[in-house]
């Protein structure tokens, strides 16, 4: 872990600017940066998505693998989320073992997807108790300009929403691939929204320079029906309970806005999701 | 102006102590005109200053403190001393030897080796650099004989006693030399090893029973019985 | 699975499988100063969850290049003993343990006056001996007592508890059975005298209304835990109160 030095001049500047509801990059406190989603970039993956939020760039890829189920859920497939920090994404990243930041990122993204039941893992069983589909969702951070959690969650989701799964046929105890593709058993479009607390203000979609000076952050994931499905406070500051309530309120609004964006740019037929 | 504690009441971090126009002393912090404890200890107010006498904690050097340090590292012209604090003390050769030390010609370890102990005073400390020590004054310097024991540093005031009452009694009863370092180390130099062991035991007793009444008399009695 | 075989976790009249009401916490017993080799320690029995916490520091940072020049570096190490759960668990830290170590540290650090001890380390070692739900909450609550025992200056004690949704109902202080079968789990850490939330996580599905109710329930639960923490401090140090007039 490298030493984080808080640029105090910048912190003061950001706080004072926020008094009048503005931010260094011209946004208001509740503005999200521009989101772009490009899918299908990696043909060898079952699904992939390159997502940018402002300057932040993240790519996610989905791979299917035949494997063993977990003993406690023998008839369900397995979804596994990983996060890799590519060293060129930030001077702070170092090659090698994923550190706690990467582990937290992956687990927060994982919870948002898993708890919303975006993927119906009961449909991923091949031979009950013996063979199931393992779905690897791996997120690579390519350029770190702030709010990696939302970017990673959005990339993982977009890759999943546009993926197709291999068709398999079972012959005795062996799994054979037919070479055909099947649609993914999807049930929801969960959206994660992160806010930073700086001073006594809440900032939607924090930029890198805002993250450098933040007190703490709160990420909240919402299902399509408006239910909360995951939450994570991060970094060593605190929020008052009142701030928590306000953050969730704002995040709920924002999640609808971002979901609309996802649906539009992926040209999703919303009715389709949840039909499988 | 209100205080929310009885004198010598046990408080812990976050306990609201007072509201209004006071000053915060040791282990008390102020937030929005309110005073809170930051430590487990006994709350106290004197001359409008609210403080908490700590019951636990580590030694933080203060200029002027007499401490007993153990040499843990020799660097060309200085020694690093463990003083039972988060910060190691630095003892420069010029603050220990009466003549300059030329690191090219002789090794610092010749004068003071790793593991040896020194009585020193803290010259300066501000937490950004290690505390600098001096051992040049009278009564300071390398320990050549006697016993050194570690005690809980929060018990140091009790071992010394009010206006030195306890330590004076210990010395008078036993005729030994005793020095209590502010950092929770005590040097005892008595007539014999047995004698030193008895004094060490008496100090352990003070440490364990620090918060009881009539302790000085009980320790005197203990010494008389043991040395009979 | 037939309907009759499903074990109900909450009875008709709102009693949970271990006899508690919906908003009732388990018996919690904290104990300070249980280890000799640490600067501070605490042990907690929280229902059947049993956790030992040891604090080392503030002490010189090792390796030195990790030291921070303006404050103490706080690290938490949350580990589960291999025998603490039903199935043997590898002693190597899992990704869950890595993440929990991070959020536990971030829950405690706002309480500590880290700026008092630049260039030092404060290490918080947490060993879960038996896990029966809410281990992160029990760890945080016990760790803040271990920090008190180490004499590390703090703004407040950090109290922590979790709310879960079980069979459609919000329940306070989730035990393992409820966690596994429940629809959601939401742990929170809170400094009551600062009105500060220092840990907040949630997984599962809850409505916005349930979220609002959960926050209220969590605050109430944290204050109950806080009381138990204060009682443990009282009983550990009560011997010190009687007298110090000679000092």
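Does the stretch C:58-72 contain at least one residue that is in a strand (DSSP E or B) and crowded, with 21+ Cβ neighbours inside 10 Å? So far as the stretch C:58-72 goes, yes, one or more of its residues are in a strand (DSSP E or B) and crowded, with 21+ Cβ neighbours inside 10 Å. Checking C:128, C:98 one by one, the residue that is in contact with a helix residue (DSSP H, G or I) (Cβ under 6 Å, 6 or more places away or on another chain) and without any contact (Cβ under 8 Å) to a residue 24 or more places away in the chain is C:98 and no other. Within the stretch C:224-240, is even one residue away from chain B (no Cβ under 14 Å) and at pLDDT 95 or above? Taking every residue of the stretch C:224-240 in turn, at least one turns out to be away from chain B (no Cβ under 14 Å) and at pLDDT 95 or above. Taken together, the criteria exclude residue C:148 from residues that are in contact with a strand residue (DSSP E or B) (Cβ under 9 Å, 6 or more places away or on another chain), away from chain B (no Cβ under 14 Å) and either at pLDDT 95 or above or outside any helix (DSSP H, G or I) (or both).
Every condition in (1) modelled with pLDDT of 95 or more; (2) surrounded by fewer than 20 Cβ atoms within 10 Å (Cβ to Cβ); (3) not assigned by TED's automatic domain parsing to the domain that holds residue B:22 is met by residue B:91 except one, and the failing one is (2). Whether a residue is in contact with a strand residue (DSSP E or B) (Cβ under 8 Å, 6 or more places away or on another chain), at pLDDT 95 or above, more than 14 Å from chain C (Cβ to nearest Cβ) and within 30 Å of residue B:141 (Cα to Cα) was assessed, and residue B:68 passes this test. When the stretch C:143-169 is filtered for residues that are closer than 28 Å to residue C:10 by Cβ and in contact with a helix residue (DSSP H, G or I) (Cβ under 9 Å, 6 or more places away or on another chain), the ones remaining, listed by number, are C:159, C:160, C:161, C:162, C:163, C:164, C:165, C:166, C:167.
Table: residues versus (1) within 27 Å of residue B:87 (Cα to Cα); (2) modelled with pLDDT of 95 or more; (3) assigned to a strand (DSSP E or B); (4) outside the structural domain of residue B:42 (by TED's automatic domain parsing).
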residue: B:180; (1), (2), (3), (4): yes, yes, yes, yes
residue: B:183; (1), (2), (3), (4): yes, yes, no, yes
residue: B:191; (1), (2), (3), (4): no, no, no, yes
residue: B:197; (1), (2), (3), (4): no, no, no, yes
residue: B:207; (1), (2), (3), (4): yes, no, no, yes
residue: B:210; (1), (2), (3), (4): yes, no, no, yes
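Among the residues of the stretch B:20-41, those that are part of a strand (DSSP E or B) and either crowded, with 22+ Cβ neighbours inside 10 Å or in contact (Cβ under 8 Å) with a residue 40 or more places away in the chain (or both) comprise B:28, B:35, B:36, B:37, B:41.
Number of residues in the stretch B:159-178 that are more than 24 Å from residue B:228 (Cα to Cα), outside any helix (DSSP H, G or I) and free of Cβ contacts under 8 Å to residues at least 24 places away in the same chain equals 0.
So that you can scan it fast, the table gives a plain yes or no per residue for (1) under 30 Å from residue C:40 (Cα atoms); (2) surrounded by fewer than 22 Cβ atoms within 10 Å (Cβ to Cβ):
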site	(1), (2)
C:174	yes, no
C:179	no, yes
C:189	yes, no
C:196	yes, yes
C:199	yes, no
C:215	no, yes
C:229	yes, no
C:238	yes, yes
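Would you point out the residue of the stretch B:143-158, among those that are under 14 Å from residue B:67 (Cβ atoms) and either surrounded by 15 or more Cβ atoms within 10 Å (Cβ to Cβ) or without any contact (Cβ under 8 Å) to a residue 24 or more places away in the chain (or both), that is farthest from the other protein chains (Cβ to nearest Cβ)? Looking at residues that are under 14 Å from residue B:67 (Cβ atoms) and either surrounded by 15 or more Cβ atoms within 10 Å (Cβ to Cβ) or without any contact (Cβ under 8 Å) to a residue 24 or more places away in the chain (or both), I get B:143. Which numbered condition in (1) more than 11 Å from every other protein chain (Cβ to nearest Cβ); (2) farther than 28 Å from residue B:60 by Cβ; (3) modelled with pLDDT of 90 or more is the only one that residue C:88 fails? With respect to (1) more than 11 Å from every other protein chain (Cβ to nearest Cβ); (2) farther than 28 Å from residue B:60 by Cβ; (3) modelled with pLDDT of 90 or more, residue C:88 is out only on (3). Filter the stretch B:105-122 for residues that are surrounded by fewer than 12 Cβ atoms within 10 Å (Cβ to Cβ) and farther than 18 Å from residue B:188 by Cα; which is farthest from the chain's Cα centre (by Cα)? Selected residue: B:105. Checking A:210, A:249, A:242 one by one, the residue that is more than 10 Å from chain C (Cβ to nearest Cβ) and either outside any strand (DSSP E or B) or at pLDDT 95 or above (or both) is A:210 and no other. So is residue C:163 over 21 Å from residue B:39 (Cβ atoms), in contact with a strand residue (DSSP E or B) (Cβ under 7 Å, 6 or more places away or on another chain) and modelled with pLDDT under 95 or not? No: the conditions fail for residue C:163.
Against the definition (in contact with a strand residue (DSSP E or B) (Cβ under 9 Å, 6 or more places away or on another chain), over 21 Å from residue B:61 (Cβ atoms) and crowded, with 18+ Cβ neighbours inside 10 Å), how does residue B:170 come out, yes or no? Here the answer is yes, as residue B:170 does meet what is asked.
Restricting attention to the stretch C:27-46, the residues that are surrounded by fewer than 20 Cβ atoms within 10 Å (Cβ to Cβ) and either at pLDDT 95 or above or in a strand (DSSP E or B) (or both) total 4. Every condition in (1) modelled with pLDDT of 95 or more; (2) closer than 30 Å to residue C:89 by Cα is met by residue C:182 except one, and the failing one is (1).
Looking at the stretch C:110-125, which of its residues are buried (at least 22 other Cβ atoms within 10 Å of the Cβ), under 17 Å from residue C:144 (Cα atoms) and touching a residue at least 60 places away in the same chain (Cβ under 8 Å)? If the condition is that a residue be buried (at least 22 other Cβ atoms within 10 Å of the Cβ), under 17 Å from residue C:144 (Cα atoms) and touching a residue at least 60 places away in the same chain (Cβ under 8 Å), then C:110, C:111, C:122, C:124 are the ones that fit.
For first residues located in the stretch C:206-221 and facing chain A (nearest Cβ under 7 Å), partners that are part of a helix (DSSP H, G or I) and crowded, with 22+ Cβ neighbours inside 10 Å and lie 6+ apart or on another chain with Cβ distances below 6 Å do not occur.
Among the criteria (1) at positive phi; (2) within 22 Å of the chain's Cα centre (by Cα), the one residue A:172 does not fulfil is (2). Of the strands (runs of 3 or more DSSP E) entirely within the stretch B:45-141, those holding at least 1 residues that are free of Cβ contacts under 8 Å to residues at least 40 places away in the same chain, out of contact with any helix residue (DSSP H, G or I) (no Cβ under 8 Å at 6 or more places or on another chain) and within 30 Å of residue B:34 (Cα to Cα) occupy B:49-54.
The values are calculated or read from the model by the stated rules, or taken from the named source; none is laboratory data. Note that the structure is predicted; figures quoted are calculated from it, not measured. As a convention, Cβ positions derive from the backbone with ideal geometry for all residues, glycine included, and neighbour counts pool all protein chains shown.
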